[in-house]
1. Please compute the modelled spin-label separation between residue 637 and residue 354, points set 7 Å along Cα→Cβ, answer in nm with one decimal.
2. Please give the calculated 222 nm ellipticity per residue for the chain, where each DSSP H segment of at least 4 residues contributes -39500 (n - 2.57) and the sum is spread over every residue; nearest 500 deg cm²/dmol?
3. Helix 603-621 versus the longest principal axis of the chain: what angle, 0 to 90°, nearest 10, using Cα atoms?
4. Between residue 472 and residue 523, what FRET efficiency follows from the Cβ-Cβ distance if R0 is 25 Å, with the result rounded to 0.05?
5. Can you tell me the 0 to 90 degree angle between the C-alpha axis of helix 442-453 and the longest principal axis of the chain, rounded to 10?
6. How many nm is it between the label spots at residue 548 and residue 116, if each spot is 7 Å from the Cα in line with the beta carbon?
7. Classify the range 315-464 as rounded, prolate or oblate, taking a ≥ b ≥ c as the square roots of the eigenvalues of its Cα gyration tensor: rounded when a/c is under 1.5, otherwise prolate if a/b is larger than b/c and oblate if not.
8. In which sequence would 447, 187 go, from the one with the fewest C-beta neighbours within 10 Å to the one with the most?
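Nothing in this text is a laboratory measurement; each read-out follows from the coordinates by a stated rule. All values derive from a computational prediction rather than experimental measurement. Cβ coordinates were reconstructed from backbone atoms using ideal geometry, including for glycine residues, and neighbour counts include every protein chain displayed.
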Amino acid sequence: MTVLLGVDTGGTYTDAVLLRGEDEVIASAKALTTRQDLAIGVGEAVRAVLGKAGVAAPEVSLASLSTTLATNALVEGQGGRVALVYIGFREEDLARHGLAEVLRGDPSVVLAGGHDHAGGAVCPLDVAGLRGFLDEVAGGVSAFAVAGQFATRNPGHEIEAARVIAEVTGLPVTCSHQLSAKLNGPKRAVTAVLNARLVGMIDRLIGRAQDVLGEIGVTAPMMVVRGDGALMSAEQARLRPIETILSGPAASLVGARWLTGAETALVSDIGGTTTDVAMLREGRPLIDPGGARVGGHRTMVEAVAMRTTGLGGDSQVHVEVEGLRGGVRLGPRRLVPVALMAREAPEVVHRALEAQLRAQSVGEYDGRFLRAVPGLPASGLSARESGLLERIEGVQPMGAVLRTRMEQGALGRLVDRGLVQVAGVTPSDASHVLGRLDAWDGAAAEKALSLMARRRIGSGERLAPDAGALARMIVDQLTEQTAMALLEAAFAEEGEAFDAAPEVLARHELLARALAGHRGVLALEARLNVEVIGLGASAPAYYPAVGERLGCRMILPEHAGVANAIGAVVGRVTVRRSGTVTCPAEGRFRVHLAEGPEDFAESEAAMARLEEVLRAEALAAASGAEGVQISVARDVRVAQAEAREVFVEAVVTVEASGRPRVAAEA
């Protein structure tokens, strides 16, 4: 019997599932995700699922991991402190193309160098300037990103810069040409920065996951889900963590198809941090040709066409005090639910909440708690940030830690770096109050919601009469924001484009009236005209109301709570590599390779050489697969000149695809 193990590390839970072949779920289990050491949660989930199934660890033939870690980190603005080396561009390009926003204060340098569109060097690389920059930032960053002008036509300066950085610092370096063969230097730079920011985080996850599986006795090869739903080797994922953006959501689509057999449907996966919505057409997830967009950033990573919203069971609840009615909104940041934090430190949480409930008025920081995450690198912190981090010992009320408003900014930066976690009221707490969930400390959740309900809105009235009323308000808001996410996805997938953006159309008053079945002089009706597959552990609690709101059939399949883990292990290994042939002069055809350009007298010879190189790269990257099939696509662009076709450019793409090699057949 071939036993397959799928593991998914989410923001709140780590799921594990065992499949017999690719046909039957044997058992599934959950454990809390342990941010301080993700392998602890992985180990607990794997041990639990093996125990449930009565399967010995050596019987596992293949292990595969999907993770929302990269997605969540970018949505929440987290990750390591990095440095960008920008070659051949101008200083003002950092602001003009959004790079300054992506860097968020991390250091950068603009150096002379770079190449032209034909791959020729514009000027020598400023190695002295690079070494001076490295002296300035040494010890203050965790990784480097390097992006050079026209590096996909000639990566020589990126490669040389990476060599110098590795020699001087020994830190990981991401070169933009390694992540995409497409032009658009600023966009490649954004992708390289995000990859560098994720390198340490994903490397720790995969390395520790492999360690803990080995300790348990699972010796099977390990794969990781890529953002397009395909599988990649753990070694490839450690080098290119950016490709795991949307790994968890992509796995959920593969899992949704496996669980339901649906051909056409919207898939909505609610986790602790995000809600991910995508379309299945003809049983396959659509690929976003523009690259994955997560947390407001457009990358050059091939991924499923997914709309990711900062909305989940653990989303921060914000009180809307403006206006006479008040209300709440959710996300995009994830908090640790008060009910969960109270399970870890019951005396601290209950004592603080009770004292705050006895007070005459609600304080700014009431109902919120802080916890430092141990074991993470804390390089590059300011004196204020370091001092604040040192004061956070164990779980503490936020008001007991923050001494001045000036420290709010420092706390925000510590949270962005993943060094500190904040606990506060979330939809998960509301579900505990309403009796829909009883996994953690419901009494702490009720106290926290009672405290929040006392906050005053614009009319001077309390936000809600009691904890129960506020809990219903929070769950209703989650229903509303989920419905908006689905409507935005639906408008984005419409064959005929409307004259406004999906975000505008989803919130239009006419649509809201039509969904409510308006009857007056006009009769208005609207509904979602496709089925929705609801996934995630909390989907059964929240999604039936969403289906009613949108007038659609809501499918909540068995094992919906571990769909990501199922999708992690039933996918295929697929590797794509692309390259370009240009024509810098008549009768000269240039192949742009990592080692530098090569020229040929005939276009066919140039494309054959490029195909040979790409085929070797794809096969090497797909080394964890068996029965590999190769397909080659050529996109040749020509122009008409004096009644004849003139070669302009060709893009060659090689795809290698096969099933993961299992231990029993290795």
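1. In this crude label model, residue 354 to residue 637 measures out at 7.0 nm.
2. -11500 deg cm²/dmol
3. With both axes taken from Cα atoms, the answer is about 40 degrees.
4. It comes to 0.25.
5. 90
6. For the pair residue 548/residue 116, the computed spacing is 6.8 nm.
7. Here the range 315-464 falls in the prolate category.
8. So the residues, fewest neighbours to most, are 187, 447.
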